[in-house]
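> This is the structure I want to talk about, given as structure tokens.
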Amino acid sequence: MLTALFLLLLLFGALALAYVNASGRTWGLAMAAALAASWLVHALPIALNLLLTAAFVVFALALAVPLLRRKLISDGVLSAFRKLMPPMSQTERDALEAGTVWWDGELFSGRPDWRRLLDAPRPALTDEEQRFLDHEVDTLCGMTSDWETTNVHKDLPPHVWQYIKDKGFLGMIIPKEYGGLGFSAFAHSEVITRLSTRCGTTAVTVMVPNSLGPGELLLHYGTEEQKRYYLPRLARGIEVPCFALTNPSAGSDAAAMPDYAFVCWGEHEGRRVLGLRVTWDKRYITLGPVATLLGLAFRAFDPENLLGDKEDLGITCALIPAAHIGVVIGRRHMPLNAVFQNGPNSGKDVFIPMDWVIGGQPMLGRGWGMLMECLAAGRGISLPSSNTGMAMLAVRGVGGYARVRTQFKTAIGKFEGIEEPLARMGGNLYMMDATRVVTAGAIDQGEKPAVLTAIAKYHITERARQIINDGMDVIGGKGICMGPANFLGGAYMQHPVAITVEGANILTRSLIIFGQGAIRCHPYVLQEIKATRDTNPEQASIAFDAALFGHLRFVISNFARTLVMGWTGSHFVAVPAEVAPDTRRYYQQLTRFSAALALLADVSMGTLGGALKRKEKLSARLGDILSLLYLCSATLKRFEMEGRQAADAPLMHWAIWDAMFKAQSAFEGVISNFPNRVIAFALRRIIFPLGRPYVVPSDRIGQEVARLLIEPSATRDRLTAGTYIGVQDDDPIGLIERALHATVIAEPVEARLRAAVKDGRLDGSLPPGAGIEVLADRALAAGIVSVEEARALLAQRELVAKVIRVDDFDKDLGASLLQPALDTVRPRPVSHRAAA
Ligand SMILES: Cc1cc2nc3c(=O)[nH]c(=O)nc-3n(C[C@H](O)[C@H](O)[C@H](O)COP(=O)(O)OP(=O)(O)OC[C@H]3O[C@@H](n4cnc5c(N)ncnc54)[C@H](O)[C@@H]3O)c2cc1C
């Protein structure tokens, strides 16, 4: 009995120490105390006591004396590790070491410090940035139309190009001292978001020069001379930049590009100078056909050893004027009928002087590191913002449409079947925008969170795709017939572009998020890898020893935490007191999932080693867990930042339940497919000892979210705050908005009419072809409605007729496509057919 009690106490004591990640010294003291107690009260048989005491003394000596520990344990593990580690190329190293670790590190720690997230400042615009958004951005939105741009000009019209250049849109990230607007990442993101709610071509045209390209590369790596010359020209649009990385044989694996350059002497502006003879073949290059300045990535070689004894210098970035002799540029691709400028370019043996290399000769071969470093931040702004914009457009437009469009005498948005996609749209958008804002805020705080920006890129573009698909289903034929009245068809067609660029999504999910996350965000793995590369044996031994034993305690702690939090349903996890009461459980569950992720990641890396890189499905699911934890964190942060708006709570709850259910499924996916079935069995018992706590968001929450989308409210405004809503009749979103407001006014009047018909006060029989106007006249005469109410009814019907109409054309689509497009320039009558 005493023995059993003692062993139980021992077990609980060990779990408690592991749970708090106690230091080695605390473990040693606790074990010594346990042994002493055992001797004192005779809790264990004497022989066992003797054996345990001897084992303790040996282990304590081995572990407590660092030199002994290293010689006996760490050095052996280190040499095994060196043999196991797959060789790593410089480009892989550059990619792994790029950027910084922020909240992703906390999520990987198994015990996220929520205060760190909650204390992060709320991103805000300066007065100047807000003015720009309200004036220049709105003006630009008003000047552009997706239909006209795409079908009439096949490009932005010249006056729009000029406005973009004149107002500094191309230089938002360029500091003021170089003539740019010097905007924050958040302001940059807000601009792209709003432009994307109006015209995709405008958004991409503005986005690209502010993204990874000549401007950003010059800012970080350019020589002062290069900066002084180019940055003011880029800021004012005197130069239009593009950046060419992708080669026909090197897309996702861009570092394998065959484009090359040889260091050599050549003739430039009448002088013999040292430079590079470059040969390249690039495709898909955005703004390429109109660019005046070509940023080019190629691999540089020095076969004649003009610079030293290294021949393969590595990937290099240079700036080449598009008009330079030998540059072949100007032809266009047609990316899913989108008309932003995009095309191939090439050159053969084109000589460029060395000072065209970004950063000059010292930066030869440093191109990949430069690109990865810039991508680490930039990937979190462009696509996340443009896709949030597209999603806002869809939610605002589709929500309104679902209220004004009636079938079976009911607004379609009130059918349960439609509520489901509407709920997904609202919940997803709330989470996407939260992620966009929190990520931009982190960048403004000086972070370059490579893993979080990859997460933002992947998950925001995937959710935008889901929102657009859902929206298309809700609006039916209205989304299918193309024309100026279709507000969603263009986004539906062109959305795969977002999935493909800046890291194609499947690759990003399968290889980057967890692959990079496990190494960068893990508190010890990068230190261990660095130690294996250290050529100084003593230094390597010391560093590896520290990392290894930290890592061991980390694993034990996460094991204990996962088990304890699983058994207790995480009810006892401490949460900062200031969080909204109805979100406390989410913080607790996220902490539990964070510990489980850390444990699962270590078990996966420990048992699969380098093979995990090829087990992309497992890696993708592990990445999904990390991603969903980040998306949930951002959502909770948004809820707090916006002052815990009670009316917005359904959006937050839906988003968290959906994401937690998906995270739980991802855990299940890893465990079910784990190659070692014994470990899989144990993992399931440790991570979900009492079953899986999450189910899909309830129908009740879903209905609440759907109702928020079809009703004008402050919540709907907050959710779609970035949307441009035009007053002109050719703006389909503005039109839906007016129809929605008219419908909200008209609905109770209509209800009164129906009641009057039902109780016989009003004759409801209508002659064929007669509409509401007849009923309204009768109701007016009978004193059932006022003049204003009758007018409101008619106005609503007229607006709804405009909203539900779709464009039609002459039989010869090609020629007549221009007709409605040109019509959009001036206000048009109710419908095309009516006008005829
Ligand atoms: C409209 C548009 C604009 C662009 N703009 C530019 C630009 O301005 N500058 C520039 O340099 N490039 C640009 N690109 C190129 C873009 O970055 C590439 O298209 C992208 O890198 C993918 O390359 P790929 O199209 O050759 O696809 P591939 O590399 O052939 O990939 C095909 C599929 O395989 C998947 N895949 C590849 N490797 C793996 C893996 N290891 N595991 C799992 N899945 C994998 C990918 O995710 C993708 O789904 C643009 C492309 C487009 C379409």
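The values are calculated or read from the model by the stated rules, or taken from the named source; none is laboratory data. Because the structure is a prediction, the values reported are computed rather than measured. Cβ placement follows ideal geometry from the backbone for every residue including glycine, while neighbour counts extend to all protein chains displayed.
> For residue 456, work out the one condition from (1) under 11 Å from the mean Cα position of the chain (by Cα); (2) within 16 Å of the ligand (Cβ to nearest atom) it doesn't fulfil.
Going through the list (1) under 11 Å from the mean Cα position of the chain (by Cα); (2) within 16 Å of the ligand (Cβ to nearest atom), residue 456 breaks only (2).
> I need the full set of residues from region 254-267 which are surrounded by 18 or more Cβ atoms within 10 Å (Cβ to Cβ) and within 16 Å of the ligand (Cβ to nearest atom), in order please.
Selection gives 255, 257, 259.
> Still on this model: Restricting to region 517-574, count the residues that are part of a helix (DSSP H, G or I) and either of a type outside the set (S, T, N, Q) or crowded, with 21+ Cβ neighbours inside 10 Å (or both).
In the first step, residues of region 517-574 are kept if they are part of a helix (DSSP H, G or I); the result is 517-520, 525-533, 537-567.
Then keep just the ones that are either of a type outside the set (S, T, N, Q) or crowded, with 21+ Cβ neighbours inside 10 Å (or both); that gives 517-520, 525-526, 528-531, 533, 537-538, 540, 542-567.
Qualifying residue count, region 517-574: 40.
> When the residues of region 767-805 are narrowed to those that are in contact with a helix residue (DSSP H, G or I) (Cβ under 6 Å, 6 or more places away or on another chain) and either among the β-branched types (Val, Ile, Thr) or without any contact (Cβ under 8 Å) to a residue 12 or more places away in the chain (or both), which ends up farthest from residue 729 (Cα to Cα)?
This residue is 784.
> Would you be able to tell me the number of residues in region 469-498 that are crowded, with 20+ Cβ neighbours inside 10 Å and either among the basic types (Lys, Arg) or over 17 Å from residue 150 (Cα atoms) (or both)?
Count: 6.
> When region 264-297 is examined, which residues are found to be within 19 Å of residue 367 (Cβ to Cβ) and without any contact (Cβ under 8 Å) to a residue 60 or more places away in the chain?
Once the filter is applied, which keeps residues that are within 19 Å of residue 367 (Cβ to Cβ) and without any contact (Cβ under 8 Å) to a residue 60 or more places away in the chain, region 264-297 yields 288, 291, 294, 296.
Let's see how each residue does on (1) more than 29 Å from the chain's Cα centre (by Cα); (2) at positive phi; (3) among the aliphatic types (A, V, I, L, M):
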{"site": "546", "(1), (2), (3)": "yes, no, yes"}
{"site": "571", "(1), (2), (3)": "yes, no, no"}
{"site": "590", "(1), (2), (3)": "no, no, yes"}
{"site": "600", "(1), (2), (3)": "no, no, yes"}
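> Give the residue, chosen from 198, 194, that is buried (at least 18 other Cβ atoms within 10 Å of the Cβ) and either assigned to a helix (DSSP H, G or I) or of a type in the set (Asp, Glu) (or both).
Sole residue among the options that is buried (at least 18 other Cβ atoms within 10 Å of the Cβ) and either assigned to a helix (DSSP H, G or I) or of a type in the set (Asp, Glu) (or both): 194.
> Under 6 Å between Cβ atoms, which residue pairs at least 6 apart in sequence (or on different chains) link something in region 495-517 that is farther than 16 Å from residue 342 by Cβ with a partner that is among the acidic types (Asp, Glu) and within 8 Å of the ligand (Cβ to nearest atom)?
Note: pairs meeting the criteria are 510/616.
> Next question, about the same structure. Does residue 375 satisfy the criteria of being part of a helix (DSSP H, G or I) and on the phi < 0 side of the Ramachandran plot? Please lay out each step first, then the result.
Values: part of a helix (DSSP H, G or I): yes; on the phi < 0 side of the Ramachandran plot: yes.
Taking the combined requirement at face value, the residue satisfies it.
> Please report, ordered by residue number, the helices (runs of 4 or more DSSP H) entirely within region 607-695 with at least 1 residues that are in contact with a Gly (Cβ under 8 Å, 6 or more places away or on another chain) and of a type outside the set (A, V, I, L, M, F, W, C).
Numbers: elements: 616-641, 649-672, 677-687.
Qualifying helices (runs of 4 or more DSSP H): 616-641, 649-672.
> Can you say whether residue 286 is closer than 25 Å to residue 158 by Cβ and within 15 Å of the ligand (Cβ to nearest atom), as far as the supplied structure shows?
So residue 286 passes the test.
> Consider residue 417 against the criteria (1) part of a loop (DSSP other than H, G, I, E, B); (2) more than 18 Å from residue 101 (Cβ to Cβ): it satisfies all of them except one. Which criterion is unmet?
Only one criterion is unmet by residue 417, namely (1).
For (1) modelled with pLDDT of 95 or more; (2) touching a Gly at 6+ places or on another chain (Cβ under 9 Å); (3) part of a helix (DSSP H, G or I), each residue gets a yes or a no:
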| site | (1), (2), (3) |
| --- | --- |
| 784 | no, no, no |
| 788 | yes, no, yes |
| 799 | yes, no, yes |
| 803 | yes, yes, yes |
| 819 | no, no, yes |
| 822 | no, no, yes |
| 827 | no, no, no |
| 833 | no, no, yes |
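> May I ask you to say which residue of 251, 270, 308 is within 15 Å of the ligand (Cβ to nearest atom), more than 17 Å from residue 350 (Cβ to Cβ) and surrounded by fewer than 17 Cβ atoms within 10 Å (Cβ to Cβ)?
Numbers: 270 fails: within 15 Å of the ligand (Cβ to nearest atom); 308 fails: within 15 Å of the ligand (Cβ to nearest atom).
Answer to the selection: 251.
> Go through the residues of region 289-304 one by one and say whether even a single one is more than 21 Å from residue 341 (Cα to Cα), within 16 Å of the ligand (Cβ to nearest atom), of a type in the set (A, V, I, L, M) and touching a strand residue (DSSP E or B) at 6+ places or on another chain (Cβ under 8 Å). Before the answer, list the steps.
Looking only at region 289-304, we keep the residues that are more than 21 Å from residue 341 (Cα to Cα), and these are 298-304.
Cutting the leftovers down to within 16 Å of the ligand (Cβ to nearest atom) gives us 298-299.
Subsequent filtering for residues that are of a type in the set (A, V, I, L, M) retains none.
No, that holds for no residue.
> Continuing with this model, one more query. Suppose we keep only residues that are more than 9 Å from the ligand (Cβ to nearest atom) and of a type outside the set (Phe, Trp, Tyr) within region 499-515. Which one would you say is farthest from residue 631 (Cα to Cα)? Spell out the reasoning first.
Pass one, region 499-515, residues more than 9 Å from the ligand (Cβ to nearest atom): 512-515.
Next, from what is left, pick out any that are of a type outside the set (Phe, Trp, Tyr): 512-513, 515.
Details: 512: 17, 513: 13, 515: 18 Å.
Going through the qualifying residues, I end up with 515.
> Which of the residues spanning region 754-784 are loosely packed, with under 12 Cβ neighbours inside 10 Å and among the hydrophobic types (A, V, I, L, M, F, W, C)?
Listed by number, the residues that qualify are 770, 781.
> Of all residues in region 462-494 being of a type in the set (Gly, Ala, Ser) and touching a residue at least 24 places away in the same chain (Cβ under 8 Å), which is farthest from the ligand (Cβ to nearest atom)?
As a first pass, look at region 462-494 and keep what is of a type in the set (Gly, Ala, Ser): 464, 471, 476-477, 479, 483, 485, 489-491.
Okay, now just the ones that are also touching a residue at least 24 places away in the same chain (Cβ under 8 Å), so 464, 471, 477, 483, 485, 490-491.
Details: 464: 16, 471: 22, 477: 28, 483: 24, 485: 26, 490: 14, 491: 14 Å.
Checking each candidate, the answer is 477.
> Spot the failing condition for residue 393; the list is (1) within 16 Å of the ligand (Cβ to nearest atom); (2) under 30 Å from residue 725 (Cα atoms); (3) of a type outside the set (Asp, Glu), and only one is missed.
(1)
> Quickly run through region 334-388 and pick out the residues that are among the polar types (S, T, N, Q), buried (at least 23 other Cβ atoms within 10 Å of the Cβ) and more than 16 Å from the ligand (Cβ to nearest atom).
Scanning region 334-388 gives 385, 388.
> So which residues in region 743-773 are of a type in the set (A, V, I, L, M, F, W, C) and at pLDDT below 90, if there are any at all? Working first, answer last.
Keep residues of region 743-773 that are of a type in the set (A, V, I, L, M, F, W, C), which gives 744-746, 749, 751, 753, 755-757, 762, 766, 770, 772.
Across region 743-773, the qualifying residues are 766, 770, 772.
> In region 273-283, what count of residues is obtained for those that are touching an Asp or Glu at 6+ places or on another chain (Cβ under 8 Å) and within 16 Å of the ligand (Cβ to nearest atom)?
4
> Has region 222-237 got at least one residue that is charged (D, E, K, R), crowded, with 24+ Cβ neighbours inside 10 Å and either within 14 Å of the ligand (Cβ to nearest atom) or outside any helix (DSSP H, G or I) (or both)?
Step one: filter region 222-237 for residues charged (D, E, K, R), giving 224-225, 227-228, 233, 236.
Going one step further and asking which of them are crowded, with 24+ Cβ neighbours inside 10 Å, we end up with none.
Checking region 222-237: not a single residue is charged (D, E, K, R), crowded, with 24+ Cβ neighbours inside 10 Å and either within 14 Å of the ligand (Cβ to nearest atom) or outside any helix (DSSP H, G or I) (or both).
> Out of the residues in region 123-179 that are free of Cβ contacts under 8 Å to residues at least 40 places away in the same chain and acidic (Asp, Glu), state the one that is surrounded by the most Cβ atoms within 10 Å (Cβ to Cβ).
So the residue we want is 136.
> Report, ordered by the first and then the second residue, all pairs with beta carbons closer than 7 Å, sequence separation of six or more or different chains, a first member in region 230-250 that is within 17 Å of residue 207 (Cβ to Cβ) and of a type in the set (Gly, Ala, Ser), and a second member that is within 13 Å of the ligand (Cβ to nearest atom) and not in a loop (DSSP other than H, G, I, E, B).
244/282; 244/285; 244/288; 244/294; 244/295; 244/296; 244/297; 244/345
> May I ask you to say which residue of 564, 575 is touching a Lys or Arg at 6+ places or on another chain (Cβ under 7 Å), β-branched (Val, Ile, Thr) and more than 16 Å from the ligand (Cβ to nearest atom)? I'd like the intermediate steps shown before the answer.
Details: 564 fails: touching a Lys or Arg at 6+ places or on another chain (Cβ under 7 Å).
Exactly one of 564, 575 is touching a Lys or Arg at 6+ places or on another chain (Cβ under 7 Å), β-branched (Val, Ile, Thr) and more than 16 Å from the ligand (Cβ to nearest atom), namely 575.
> Here is a further query. Mind counting the residues in region 107-122 that are in a helix (DSSP H, G or I), touching a residue at least 12 places away in the same chain (Cβ under 8 Å) and not aliphatic (A, V, I, L, M)? Break it down into steps so the answer makes sense when it comes.
Looking only at region 107-122, we keep the residues that are in a helix (DSSP H, G or I), and these are 107-109, 114-119.
Applying the additional criterion that residues be touching a residue at least 12 places away in the same chain (Cβ under 8 Å) yields 107-109, 114-118.
Subsequent filtering for residues that are not aliphatic (A, V, I, L, M) retains 108-109, 114-116.
So the answer is 5.
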